[in-house]
Amino acid sequence: MRTLAREITEQVGQTVTVRGWIHKKRLLGGLTFINIRDRSGLVQATFENKDEVEKLRGLQIGTVLAVTGEVFEEPRAPGGAELRNPTLIVEVPVTEPPAIEIDKPIDHRPDSLDTLFEHRVLNIRNLQEQKIFKIRASLTRYIREFLHENEFVEIDTPKLLPGATEGGAEVFKLDYFGKTATLAQSPQFYKQIMVGAFERVYEIGHSYRAEPSATTRHLTELTMLDIEMGFVESHDEVLDMVADMTQAVLKRAYEEHGADLRSLNAPELKLPEDGKVPRFTINEIHEMYTKATNNDTTNEKDLTPDEERWIAEHARKKLGSDLVYAVDFPAVAGKFYHKFKDDGTVAWGDLLYRGLEIATVPLRENNYEKMIEQMRSAGLDVDDDGFKHYLQAFKYGLPQHGGCGFGVDRLVQKTIGLNNVKEATLFPRDINRLTP
RNA sequence: GGGCUCGUGGUGUAGAGGCCUAACAUGCCUCCCUGUCACGGAGGAGAUCGCCGGUUCGAAUCCGGUCGGGCCCGCCA
């Protein structure tokens, strides 16, 4: 029967067996301290018997042990209890010293990131590092729970596709039994198709972008939350749903992971008191930014990264919100499946979180004839096989709908305050890295 | 795709023409230490300074190339 590290305070006076990894050895002559790490945390064992300690000679951090001994209440021990004079069994000896020091905080400076990822297998055993990915796991769990409560159905769509029909980002091509296949750059078509069945759907999955972007916010394999909801009355309804979800998820993360977030030096969470995420049109932001900085951006079709940071700072300082929407992009920025408005804009909002775009939240065109028209004017061949099944969904009845593509890696990055999106990813893939 | 930067023991850094037979911290090895928790103390091993070429009496240091990182822009989540 195995006892977990966090449970031993309730087992004082009993003999228990703890199994885990050696996390730290401290030899003080007649007394030896060993910290054992398991999934629940650390527990300390003390040894006066030199023969027991001698079993560990030549064995390194990471050695897998079973330690059996009596639990004593001990205020000097971390956690208030410890195992005294236990017997230990080496289950998996480790003789090679780890290439990096796993019991110490890992340096996340940009120049060190390559080393960090090269040694990720060991680095992820660091307790501080593990917090990032436990928070990440919670964030996606909160998202799932929120969407489940709002009657969204989770779906999984193919990542292997016959061709690049969606347009926009560069795609990866690969051999598929003699044919050329591509990796999905998003679940765009499939989630829209699924609106025709379930009304409300979402997917948390990988998307692949072959963009040669070497920045702190790009991955070639990214985790996206894709949401699509049918029977919406307006673009506002979609914007509100995504804003409500994001706020609920962040509030919960700060409630349930407050201590972890503080220890990772995460920024304090600021959300609008009335629950309404501030919105500005692209033109408003261009004008405000141009006025404030004397950099004329009024002719840009999108926000520049500096504008994103500027409006985020404005929203945080003046409006008390880490979240802000940029809405009403110029029509030229839209794609063929977007809903265009009469005023020369497209019903599309970008959700910015602490200065970074984390989601695009557009309304879709749902009218079959209009779709055909918009595809033709985008220069697409509507008879292409890649569009056949997609257009079927429209032909056979698709209600007005909208949704979002939401960067999960970026959400984690910005929640914790990491400089690089790769730090929020277990095994990041970028233009230069395909391992581990 | 464009621009700017950085490569020194396992890891993180210092050194910026000769003081370098390359320094410091940490990790590793040996020994001492009964309340450590970044334990402490003594000693030891470990680097042809990314690679190739050039300048120079002399190159870790200057120049060119190359390979590998990082950051920014474009584009995007």
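The values are calculated or read from the model by the stated rules, or taken from the named source; none is laboratory data. Predicted, not measured: the structure shown is a model, and the values here were computed from it. Here the Cβ positions follow ideal geometry from the backbone for every residue, glycine too, while neighbour counts run over all protein chains shown.
Close contacts from region A:328-341, counting a first residue that is within 14 Å of residue A:192 (Cα to Cα) and a second that is modelled with pLDDT under 90 and surrounded by fewer than 17 Cβ atoms within 10 Å (Cβ to Cβ), with Cβ to Cβ under 6 Å and a gap of 6+ residues or different chains, come to A:336/A:378.
Looking for whichever is out of contact with any Gly (no Cβ under 7 Å at 6 or more places or on another chain) and in a loop (DSSP other than H, G, I, E, B) here; the options are A:219, A:250. Which one fits? Let's see the steps before the verdict.
On the way: A:250 fails: in a loop (DSSP other than H, G, I, E, B).
Matching residue, one of A:219, A:250: A:219.
Before we move on, is residue A:365 in contact (Cβ under 8 Å) with a residue 12 or more places away in the chain and within 24 Å of residue A:244 (Cα to Cα)? Judged against the criteria, residue A:365 is a match. Per this entry, residue A:46 is not counted among residues that are over 22 Å from residue A:122 (Cβ atoms), within 13 Å of RNA strand B (Cβ to nearest atom) and touching a helix residue (DSSP H, G or I) at 6+ places or on another chain (Cβ under 6 Å). Just one of (1) under 30 Å from residue A:419 (Cα atoms); (2) near RNA strand B (Cβ under 7 Å from one of its atoms); (3) modelled with pLDDT under 90 fails for residue A:24. It is (3). Could you list, ordered by first residue, the pairs with Cβ atoms under 9 Å in which the first is in region A:292-310 and under 16 Å from residue A:327 (Cα atoms) and the second is near RNA strand B (Cβ under 7 Å from one of its atoms) and at pLDDT 90 or above, at least 6 apart or interchain? From region A:292-310, the pairs are A:302/A:350; A:303/A:350; A:303/A:357; A:305/A:357; A:308/A:350; A:308/A:357.
Would you confirm, using the coordinates I've provided, whether residue A:226 is of a type outside the set (A, V, I, L, M, F, W, C) and either in a helix (DSSP H, G or I) or within 21 Å of residue A:132 (Cβ to Cβ) (or both)? No, not satisfied.
Of the candidates A:19, A:37, A:2, the single residue that is charged (D, E, K, R) and surrounded by fewer than 16 Cβ atoms within 10 Å (Cβ to Cβ) is A:2. Of everything in region A:99-153 that is within 7 Å of RNA strand B (Cβ to nearest atom), free of Cβ contacts under 8 Å to residues at least 60 places away in the same chain and assigned to a helix (DSSP H, G or I), the residue that is surrounded by the most Cβ atoms within 10 Å (Cβ to Cβ) is A:115.
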